[in-house]
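Working notes, beginning with the structure itself.
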Amino acid sequence: MKVSILGAGAMGSALTIPLADNGNEILLWGTEYDVDILKKIEKGEEHPRIGVKLPEVQILYPKELKKALDADIIVLAVSTEGVMNVFNRIKNEVSDSILITIAKGLIEEEDHVYTIPEAIWKENVKMRHKLVAITGPSIAKEVARRAPTRVVFSSKNLKTAKKAMKAFKTKYYGIEITDDIIGAELTSALKNVYSIAISWIRGYEERFEMDLSNAKGVLATMAINEIAIFVEDAGGRKETAYGLSGFGDLIATFRGGRNGMLGELLGKGYTIDEALKELEMRGVGVIEGYVNGRRAYALLKQLEMRGKASEDDFPLLKAIYSVLYEGKKVEDVLMNLLIEGG
Ligand SMILES: NC(=O)c1ccc[n+]([C@@H]2O[C@H](COP(=O)([O-])OP(=O)(O)OC[C@H]3O[C@@H](n4cnc5c(N)ncnc54)[C@H](O)[C@@H]3O)[C@@H](O)[C@H]2O)c1
C-alpha cells in the first residue's frame, strides 16, 4: 500500500519501520518544525529523536503537502496541538484514504472540548468510517528498534481498522482492533494526565529519601478506575480503559516521558510555574498532559452539565487539576487521596 505520514517527529518516523518491513511505499511529510529532521534523514543520518536511520522513504518538505495526499493511508502523526491545524489543510482531499491519528490528547475549540475523532468528524463527516486511531503502549524508540509492541487500532468501521492493520502488522508489531474509538482516544488522552499524578510519588521518594511503592499502587489504581468511569460516562466502554489503551499504556509510560518529568518536579515540591519553567530550561517540548489536564476537567464539567457524569467520582482528577491550575501543592492533596481516597 501507499502510506503517507504527516509529521516527522518521533512517532511518525518510528512507524516507517514496521511499514517498510511490510513492503509499503512510504512518503514522510514534515511540518515547518521538522525541516532539520528531514534534512538529516535525507543525508542518511540517524533520526535525532529516535536514534535510528529510517528505511527508504520519500521525503516531502512543508510546501509539498499536496503530494502526500495521494495515498491509501494517511497517518496524521503530529502532536495534539497540530492535529486540527494539519487536518483542516487536508480535510477536503482525503475522503478516499484511510486516515490514522496517533496523538494522545483532547481538542478545545470555542470553549468546547472534543476527543480527536469527534473534532475530525465535525469537520468532515465522511471520515466517520475512514478514521482509525492508534492507542496503547508504543514508545517510539522501541517501535523503531523493533522491540515487541502490541497496540490497538480502533475505528467505527472494523473493516477500515482491519485494512489499516494489514499495512502495519509485523512479527514484532502486534495489533488488536476495536470499534470503541471514543473510549480508546479518551483513555489515552487521560492516561497522559493521570501519569502526572503517579509521578508525584517519584518526586516524593527523592525528596523524603524513602520508597513509596505502596502509594504508587494506590494512585495507579485510582487513576485507572477514574479513567474507566470517565470513558463510560462519555459513551465508551470501561474495558477499553482496563486494556492496552489505558492500563497497558499507563504501565509503559508513567516512569518516563514529559508528563512524568512534570509530575516528578511537582512531587519534589516545585510549584507548577517553577516546574514548567524548569522544563522549559531543559528544552523539553510541549507537555501534553498539562494542557489536557485542563481540557479533561472541562470535558468532565460538560458531561456533568448534561447529567452524564458526577465530579464526585473523580477525586484524583480534581486533585490533579487543583495542582496544575489552582495553585495547590502536591502535599496539600496527596495524603487525603492516599489514605481516604480523596
Ligand atoms: N513518542 C511516542 O512514544 C508516542 C507514542 C504514541 C503516541 N504518541 C503521540 O504522538 C504524538 C506525537 O508525539 P511525538 O513523540 O512523535 O512528538 P514529537 O515532538 O517528536 O513530534 C511532534 C510532531 O508534531 C508536529 N507539530 C507539533 N506542534 C505542531 C503544530 N502546532 N502544528 C503542526 N504540527 C505540529 C511536529 O512538527 C512533529 O511532526 C503525541 O500526541 C503523542 O502523545 C507518541
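The values are calculated or read from the model by the stated rules, or taken from the named source; none is laboratory data. These numbers come from a predicted model, not from an experiment. All Cβ positions, glycine included, derive from the backbone under ideal geometry; neighbour counts span all protein chains shown. Ligands, DNA and RNA are excluded from the accessible area calculation, which covers all protein heavy atoms including side chains. Shrake-Rupley method; radii C 1.70, N 1.55, O 1.52, S 1.80 Å.
Observations
- Taking amide H as placed 1.01 Å from N in the peptide plane, the amide H of Gly342 sits under 5 Å from that of Leu337, each at least 5 places away or on another chain.
- The stretch between Glu110 and Asp36 holds 23.3 nm of extra length on full extension. This uses 0.36 nm per residue minus the Cα-Cα distance.
- Electrostatic dipole magnitude of the chain [Cβ: Lys, Arg +1; Asp, Glu -1; Cα centre; debye, to 20]: 1200
- Overall form of the range 3-80 per C-alpha gyration tensor (a/c, 1.5; a/b vs b/c): rounded
- If R0 is 35 Å, the Cβ-Cβ spacing of Glu206 and Ala147 corresponds to a FRET efficiency of close to 0.80.
- Dipole of the chain, positive end: most advanced residue of Gly23, Ala77, Met11 [Cβ charges, Cα centre]: Gly23
- In Hz, Karplus ³J(HN,Hα) per residue of the range 162-173 (6.51, -1.76, 1.60; θ = phi - 60°; x = Gly, Pro): 5, 5, 5, 4, 4, 6, 9, 5, 10, 5, 10, 10
- Spin-label model distance (nm) - Arg255 vs Asn22, 7 Å beyond Cα toward Cβ: 2.9
- Lys63 paired with Asn214, simple spin-label distance in nm, labels 7 Å along Cα-to-beta-carbon: 6.4
- Once the 1.4 Å probe is applied to the protein heavy atoms, the chain comes out at 44 Å² accessible per residue.
- Relative intensity, log₁₀ I(q)/I(0), of the chain from a Debye sum that treats every alpha carbon as a point, q = 0.10, 0.13 Å⁻¹: -0.58, -0.98
- Evaluating 6.51 cos²θ - 1.76 cosθ + 1.60 at θ = phi - 60° for every residue in the range 327-342, the Karplus couplings come out as x, 6, 9, 4, 5, 6, 10, 5, 4, 4, 5, 5, 8, 9, x, x Hz, glycine and proline recorded as x.
- Efficiency of FRET from Cβ geometry, Arg306 and Val286, R₀ 41 Å, rounded to 0.05: 0.85
- The amide H of Leu60, built 1.01 Å from its N in the peptide plane, has Leu28, Trp29, Gly30 as neighbours under 5 Å, considering only residues 5 or more places off or on other chains.
- Options Leu279, Gly293, Pro148, ranked by Cα towards positive dipole end of the chain, top entry (Cβ charges): Pro148
- Pairwise centroid distance, computed over Cα atoms, of the range 253-316 with the range 68-96, Å: 27
- Scattering curve values for the range 83-135, log₁₀ I(q)/I(0), Debye with Cα scatterers, q = 0.22, 0.24, 0.30, 0.32 Å⁻¹: -0.80, -0.96, -1.42, -1.53
- Considering helices alone, the calculated mean residue ellipticity of the chain at 222 nm is -15000 deg cm²/dmol, with DSSP H runs of length four and up weighted by -39500 (n - 2.57) and normalised per residue.
- Only Lys, Arg (+1) and Asp, Glu (-1) charged, at Cβ; the range 2-179 dipole about Cα centre in debye: 720
- Cα principal axis extents for the range 2-179, largest first, Å: 41, 34, 28
- Förster radius 41 Å - calculated FRET efficiency between Asn92 and Asp273 (Cβ-Cβ, nearest 0.05): 0.45
- Eigen-decomposition of the gyration tensor built on the alpha-carbon atoms of the range 149-290 gives equivalent ellipsoid semi-axes of 31, 17, 14 angstrom, largest listed first.
- Among Phe254, Phe247, the sequence by solvent-accessible area, most first, with a 1.4 Å probe is Phe247, Phe254.
- Surface share of carbon and sulfur [accessible, 1.4 angstrom probe, percent] for the chain: 48
- The listed residues Ser188, Ser95 rank as Ser95, Ser188 when sorted by accessible area, largest first, using a 1.4 Å probe.
- Whole-Hz couplings from phi, Karplus 6.51/-1.76/1.60, listed for the range 83-98; x for Gly and Pro: 4, 6, 4, 6, 4, 5, 6, 10, 4, 8, 10, 10, 5, 8, 9, 7
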